[in-house]
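Novice: The structure is given below, and queries will be raised subsequently.
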Amino acid sequence: MLSAATFGIYYLGPYMANRMSMLLIYFFENLSDIDLSKAGAVLLLQDVFFRVLIIIGPLMLLLVAASLAGYLLQVGFLISGKPLQPKLSRINPIQGAKRVFSTHMLSETLKSIFKFLVVVWVSWSVFESIIPAACELMDSDPTTVFPAYLIIGFRLAGLILLFLLIMAVSDYAFQRWQFEKSIRMSRYEIKQELKETEGDPQIKARVRSIRQQQARNRMMAEVPHAEVIVTNPTHYSIALRYDPSEREAPHVVAKGQGLIALRIREIAQEHEIPLYEEPWLARQLYRTCDIGDTVPVDLWQAVAKVLAYVRALDRKKVMVGV
């Protein structure tokens with residue numbers, strides 16, 4: 001609004017000063033014809049009011065337009081009856097005291113006091129510098145008074161506008177920092193949001209653990225159906241099965257490392273499944289194959305040697321049994 005007033009005075013000032021000068025000259029030249037009775041004074045005031053309204057009307061309309069534009073730029077076109085709804089919290093003295101003595105209200109109050117003091121200081125500095133010139137204007141022609149006052153007003157408005165512009169930029173930066181700080185979530189709130197959106201991490205970990213255990217149990221149940229266990233000998237265990245009626249190549253039915261590898265070997269020994277120690281092949285199968293995957297083509301030859309060894313053992317057992 002101050003910016004609109006400043007530019008309004010700059011562009012409309014000459015028109016306003018000229019019309020005000022003409023108005024003063026008109027009344028000074030017709031003082032003898034003015035009726036100073038009670039009724040005449042009322043008519044005179046009405047006449048002056050409408051003449052002045054015509055002079056300052058464009059500036060007032062400009063200020064109204066600036067006020068509406070500022071509101072629309074900040075919040076848009078919004079009509080709401082919510083602020084008119086009765087709320088007990090508005091008359092609650094405790095809530096009112098909290099609002100009055102809040103950090104936000106204190107900062108706004110200090111900013112308002114600071115702006116007021118600076119505006120007063122700027123205004124006084126301008127007025128103090130023009131006191132000699134203003135005294136000389138008392139004896140000047142009316143046509144020169146208003147242009148002079150117009151220059152003074154424009155100078156004053158420009159200085160105040162410059163100060164408020166600096167204040168607005170600083171206040172915007174402060175308000176943005178304060179807003180971003182207020183919407184930050186605490187560590188506890190982040191944990192709660194994760195629980196609400198993705199579930200409790202502890203429950204998810206427990207569910208994942210149960211699923212892994214179930215998958216491990218299913219895998220261990222397939223070990224007795226394997227033909228051979230390729231070992232590292234202690235770090236890795238890979239259970240292989242080959243049935244031409246199922247697949248054209250051997251596939252992995254179980255694999256493990258560490259304690260799981262040890263458990264696979266124990267089950268294999270319980271069901272008399274042969275163990276074949278080949279560290280290189282065990283590591284390659286563990287890295288390249290998941291449970292249920294067919295052995296890669298580049299490992300077929302190595303696996304074929306293992307299966308040939310197992311089949312030879314089976315034939316030997318059959319012959320010994322005969």
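The values are calculated or read from the model by the stated rules, or taken from the named source; none is laboratory data. Nothing here was measured: the structure is a model prediction, and the numbers come from that model. FYI the Cβ positions are ideal-geometry reconstructions off the backbone, even for glycines, and counts take in every protein chain you see.
Novice: Quickly run through region 279-316 and pick out the residues that are in a loop (DSSP other than H, G, I, E, B), touching a Ser or Thr at 6+ places or on another chain (Cβ under 9 Å) and in contact (Cβ under 8 Å) with a residue 40 or more places away in the chain. First the steps, then the outcome.
Specialist: Initial filter on region 279-316 (in a loop (DSSP other than H, G, I, E, B)): 289-293, 295-296.
Of the ones still in play, those that are also touching a Ser or Thr at 6+ places or on another chain (Cβ under 9 Å) are 295-296.
Across region 279-316, the qualifying residue is only Val295.
Novice: Under 7 Å by Cβ, and 6 or more places apart or on different chains, what pairs join a residue from region 250-266 that is not assigned by TED's automatic domain parsing to the domain that holds Tyr286 with one that is at pLDDT 85 or above and surrounded by fewer than 16 Cβ atoms within 10 Å (Cβ to Cβ)?
Specialist: Matching pairs, first to second residue: none at all.
Novice: Is one or more of the residues making up region 32-43 in contact with a Gly (Cβ under 8 Å, 6 or more places away or on another chain) and more than 30 Å from Tyr71 (Cα to Cα)?
Specialist: Checked region 32-43: at least one residue is in contact with a Gly (Cβ under 8 Å, 6 or more places away or on another chain) and more than 30 Å from Tyr71 (Cα to Cα).
Novice: Any residue at all in region 116-125 that's surrounded by fewer than 12 Cβ atoms within 10 Å (Cβ to Cβ) and at pLDDT below 80?
Specialist: Within region 116-125, not a single residue is surrounded by fewer than 12 Cβ atoms within 10 Å (Cβ to Cβ) and at pLDDT below 80.
Novice: Out of all the residues in region 58-88, which are modelled with pLDDT under 75 and surrounded by 10 or more Cβ atoms within 10 Å (Cβ to Cβ)?
Specialist: Lys87
Novice: Here's something else I'd like to know. Might you check whether a residue that is over 17 Å from Val145 (Cα atoms) and not in a helix (DSSP H, G or I) occurs anywhere in region 49-63?
Specialist: No, region 49-63 contains no residue that is over 17 Å from Val145 (Cα atoms) and not in a helix (DSSP H, G or I).
Novice: With the requirement that a residue be surrounded by fewer than 12 Cβ atoms within 10 Å (Cβ to Cβ), assigned to a helix (DSSP H, G or I) and among the charged types (D, E, K, R), what does region 1-46 give you?
Specialist: Glu29, Asp33, Lys38
Novice: Are any of the residues in region 269-278 under 11 Å from Val252 (Cβ atoms), touching a residue at least 40 places away in the same chain (Cβ under 8 Å) and surrounded by 12 or more Cβ atoms within 10 Å (Cβ to Cβ)?
Specialist: No: region 269-278 contains no residue that is under 11 Å from Val252 (Cβ atoms), touching a residue at least 40 places away in the same chain (Cβ under 8 Å) and surrounded by 12 or more Cβ atoms within 10 Å (Cβ to Cβ).
Novice: Look at Asp293 and say whether it is surrounded by fewer than 16 Cβ atoms within 10 Å (Cβ to Cβ), closer than 22 Å to His235 by Cα and under 60 Å from the mean Cα position of the chain (by Cα). So that I can check it myself, show each step before the final result.
Specialist: Details: surrounded by fewer than 16 Cβ atoms within 10 Å (Cβ to Cβ): yes; closer than 22 Å to His235 by Cα: yes; under 60 Å from the mean Cα position of the chain (by Cα): yes.
So Asp293 passes the test.
Novice: Going through Lys204, Lys181 one at a time, which residue ends up being modelled with pLDDT under 80 and part of a helix (DSSP H, G or I)? Before you say what the answer is, go through the steps one by one.
Specialist: Working: Lys181 fails: modelled with pLDDT under 80.
Residue meeting the stated conditions: Lys204.
Novice: Then there's this: Looking at (1) more than 16 Å from Arg218 (Cα to Cα); (2) modelled with pLDDT of 85 or more, which one does Tyr242 not meet, given that it meets all the others?
Specialist: So Tyr242 meets the others, but not (2).
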